[in-house]
1. If you go through the stretch A:181-200 one residue at a time, do you hit one that is at pLDDT below 90, among the hydrophobic types (A, V, I, L, M, F, W, C), out of contact with any Phe, Trp or Tyr (no Cβ under 9 Å at 6 or more places or on another chain) and open to solvent by 40 Å² or more (accessible area, probe 1.4 Å)?
2. Contact list please: Cβ distance under 6 Å, first residue in the stretch B:68-80 and over 13 Å from A:VAL81 (Cβ atoms) and in contact (Cβ under 8 Å) with a residue 12 or more places away in the chain, second residue of a type outside the set (Ser, Thr, Tyr) and open to solvent by 50 Å² or more (accessible area, probe 1.4 Å), pairs at least six apart or on different chains.
3. With respect to the numbered conditions (1) open to solvent by 50 Å² or more (accessible area, probe 1.4 Å); (2) assigned to a helix (DSSP H, G or I); (3) at pLDDT 85 or above, which one is the sole condition not fulfilled by A:VAL68?
4. Identify, by number, the condition in (1) part of a helix (DSSP H, G or I); (2) more than 9 Å from chain A (Cβ to nearest Cβ); (3) open to solvent by 30 Å² or more (accessible area, probe 1.4 Å); (4) not small (Gly, Ala, Ser) that B:CYS26 doesn't meet.
5. So which residues in the stretch A:19-29 are part of a loop (DSSP other than H, G, I, E, B) and closer than 17 Å to B:LEU109 by Cβ, if there are any at all?
6. Quick check on the stretch A:88-115: of everything there that is away from chain B (no Cβ under 11 Å) and of a type in the set (A, V, I, L, M, F, W, C), which residue is most open to solvent (accessible area, probe 1.4 Å)?
7. Within the stretch A:79-102, which residues are in contact (Cβ under 8 Å) with a residue 60 or more places away in the chain and over 16 Å from the mean Cα position of the chain (by Cα)?
8. All but one of (1) modelled with pLDDT of 85 or more; (2) out of contact with any helix residue (DSSP H, G or I) (no Cβ under 7 Å at 6 or more places or on another chain); (3) open to solvent by 80 Å² or more (accessible area, probe 1.4 Å) hold for B:ALA65; state the number of the condition that does not hold.
Amino acid sequence: MQHTFWRQMRRGIFDENPIFVQFLGMCSALAVTTSVVNALGMGLSVTAVLVCSNLFISLLRSFIPKQVRIASFIIVISGFVTAVDLIVKAFLPAISKSLGLFIPLIVVNCIILARAEAFASKNGPVPSLVDGLACGIGYTLAITALAFVRELFGTGVLFAAADGTGGLRVFGSWYAPVTIFIMPAGAFLTLGVLCALFNTLRGAVAKKEAAAVAEKPAQEETDGSAEPETPETAAEPAPETPSADAASPAAESAGPIGPIEERQG
Amino acid sequence: MSNIFLLMLTAILTENFIFSKFLGICPFLGVSEKPDTALGMGMAVTFVMTISSTVTYGVYHFLLAPFGLEYLQTIAFILIIASLVQFIEMFLRRFVPALYSALGIYLPLITTNCAVLGAALLNISEGYTFLESVLYGFSAALGFTLAIVLFAGVRERLKYADPPKAFVGFPLLLITAGLVAMAFSGFSGFSFS
């Protein structure tokens, strides 16, 4: 039990990170990451919706007819999104204002539909809840990292409040903010570089684990681990991790287009 | 009249859905392999967005607002969009099979295209009139089409590039999109209003 929990958490946060590996939910990731506070607000909102929708869809999975399941999922999800929207509006008006459109747009965030289709509709409530939590945390960490870089270099200030005041001035007054980081183009560029870094990290970890699994490391592996370059397999978003994760259902690799593909059939 | 022209130009260029509002990034990165597929996707999105802007305007102002049900707008709009996409899918399969097979799995994906829902929600929050809503949906979709077709053209060239291994695939696409976005940010120098 304990073991499965950590494996699920690791899969959601690292091996199949929604942003860096599966490339789901890009719109919000690029749009709200001009400040760390916004990113955290968005991340928590998405996590809340993801946990609730995964739990409910898992509970309802035997009652939802297969043919209309996508529509049913969307209705469940949009119910929770409306709830989160109203809660954020009531208690965090500044964040609600700066996130604006992107809170109601959680409805069409592919992460949530993808998890509903690939996981919650096939698994029990407890694993689904953990899966929602893991993916939500993975998403939150990813966009917070992106926001951290963008806010730090784009404004020179960190953790500014949602209305743009306060915050921690990291650099001295000599620092001229590089505004490209908080402009739309900077969002794409920063995320691209972060993705590449994450790929390298995953490659290194996969290599280390492969070496640990093999009792005595093969000669060519020790040769290869000397260079920091990513192995070919890790450069692509490989759905099956090289670790002992073979138990994950095949539908896990569905990705952003998986659910729809099945719907066509 | 000039007002409406400005609204359209702003929606297409200065506030481009992809490069300034970050709406519809998933299909933008997913369906931009070839310019002609990208154009098909753009046309499908234009079609859906124009109709959905029209219908959601009516539903909001004549069904939700009179009964004080504004908080249901997200649920209502996504249902409208989902059924519209279903309808268009059936229509295309029956009458334009070539376009239908070209769009393939990306057609149902329009349901979860945040540009469509985003345009519908923006129309309401900006308080556009009926005509403005329809034109805004239409021209925002044109901007989307412009962006995705241009990007597909750039992306074709990438096939011959030899990037560092860590950048192969998505990271490189994002960097490229960033460069195209930079070009588009030139439009923000124009002040139309």
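The values are calculated or read from the model by the stated rules, or taken from the named source; none is laboratory data. No experiment lies behind these values; they were computed from the predicted model shown. Neighbour counts are summed over all protein chains in view; Cβ atoms, including those assigned to glycine, are modelled from backbone coordinates with ideal geometry. All accessible areas refer to the heavy atoms of the entire protein, side chains included, with ligands and DNA or RNA removed. Shrake-Rupley method; radii C 1.70, N 1.55, O 1.52, S 1.80 Å.
1. Looking through the stretch A:181-200, at least one residue is at pLDDT below 90, among the hydrophobic types (A, V, I, L, M, F, W, C), out of contact with any Phe, Trp or Tyr (no Cβ under 9 Å at 6 or more places or on another chain) and open to solvent by 40 Å² or more (accessible area, probe 1.4 Å).
2. B:ILE80/B:VAL55
3. The number of the failed condition is (3).
4. (2)
5. Hits for the stretch A:19-29 are A:GLN22, A:PHE23, A:LEU24, A:GLY25.
6. Residue satisfying both the conditions and the ranking: A:PHE91.
7. The answer is A:LEU92, A:ALA94, A:ILE95, A:LYS97, A:SER98, A:LEU99.
8. (3)
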